[in-house]
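S.K.: Take this structure first; my questions come after.
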Amino acid sequence: MLSGKMRLGVPHIEYALVDVRDIADCHVAAMERPDAKGRHICSQESKTLFEIAKMLKTGFPNNPLPRFEIPKPILYAVGPLMGHSWDFISRNVNQPLEFDNHKAVEALGVKFNRNLRD
């Protein structure tokens with residue numbers, strides 16, 4: 001995104017975000033707690049590519065970051081030219097992404113409250 005390849009716009013796709021320090025805390029807690037069994041979702045929140053671009057703009061004001069979100073109908077036309085299949089577009093664009101980190105918070109005792117803008 002910082003290279004400028006997406007400066008004309010990005011699709012409305014959400015990604016799960018978490019601070020790397022929280023991931024480290026999860027790994028340490030999973031190793032130290034004998035009752036920590038199974039898999040844990042260690043995600044703090046979801047953001048769209050455009051929201052991520054706005055977050056990056058403050059730290060990288062001179063980089064050509066995306067200015068808007070590309071509507072889904074336009075993506076069906078140009079997506080295959082950029083390597084995205086219609087199937088990928090239909091399954092991912094404008095689809096909410098939600099994760100439940102409740103198990104990690106309870107079993108590992110971690111808190112996902114760091115400011116991701118930092």
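The values are calculated or read from the model by the stated rules, or taken from the named source; none is laboratory data. Since the structure is predicted, the reported quantities are computational estimates derived from the model, not experimental observations. These area figures cover heavy atoms from the full protein model, side chains too; ligands, DNA and RNA do not enter into them. Shrake-Rupley method; radii C 1.70, N 1.55, O 1.52, S 1.80 Å.
S.K.: Need one number for the range 11-65: average projected area of the convex hull over its C-alpha atoms, nm².
M.R.: Numbers: hull surface 19.6 nm².
The orientation-averaged projected area of the Cα hull of the range 11-65 comes to 4.9 nm².
S.K.: First compute the accessible area of the chain with a 1.4 Å probe, then give the percent of it belonging to carbon and sulfur atoms. Before the final figure, lay out each step's value.
M.R.: Working: 4530 of 8130 Å².
Summing carbon and sulfur atoms, their accessible area is 56 percent of the total for the chain.
S.K.: Listed here are the pairs LYS72/LYS103; LYS5/LYS47; LYS57/LYS103; LYS72/LYS111; which of them are more than 30 Å apart at the Cα? Each step should come with its number before you reach the end.
M.R.: On the way: LYS72/LYS103 34 Å; LYS5/LYS47 19 Å; LYS57/LYS103 33 Å; LYS72/LYS111 35 Å.
Over 30 Å apart, Cα to Cα: LYS72/LYS103; LYS57/LYS103; LYS72/LYS111.
S.K.: OK, next. Over the chain, with the other protein chains present, what is the accessible area per residue in square angstrom, probe 1.4 angstrom?
M.R.: Values: 8130 Å² over 118 residues.
In whole numbers, the chain has 69 Å² accessible per residue.
S.K.: Nearest 10 degrees, 0 to 90: what angle lies between the long axis of helix 49-59 and the longest principal axis of the chain (Cα atoms)?
M.R.: 80
S.K.: Helix-only mean residue ellipticity at 222 nm, the chain, DSSP H runs n ≥ 4 weighted -39,500 (n - 2.57), per residue, nearest 500. What is it? Don't skip to the answer; put the middle values down first.
M.R.: Numbers: 5 runs with 45 residues, N = 118.
Calculated mean residue ellipticity at 222 nm is -11000 deg cm²/dmol.
S.K.: Taking N as the number of residues in the chain, what value does Rg over Cα atoms divided by 2.2 N^0.38 Å take?
M.R.: On the way: Rg = 17.4 Å, N = 118, 2.2 N^0.38 = 13.5 Å.
Against the compact-globule rule of thumb, the ratio is 1.29.
S.K.: Right, another one. Angle between the Cα long axis of helix 20-32 and the longest principal axis of the chain, 0 to 90 degrees, nearest 10?
M.R.: 30
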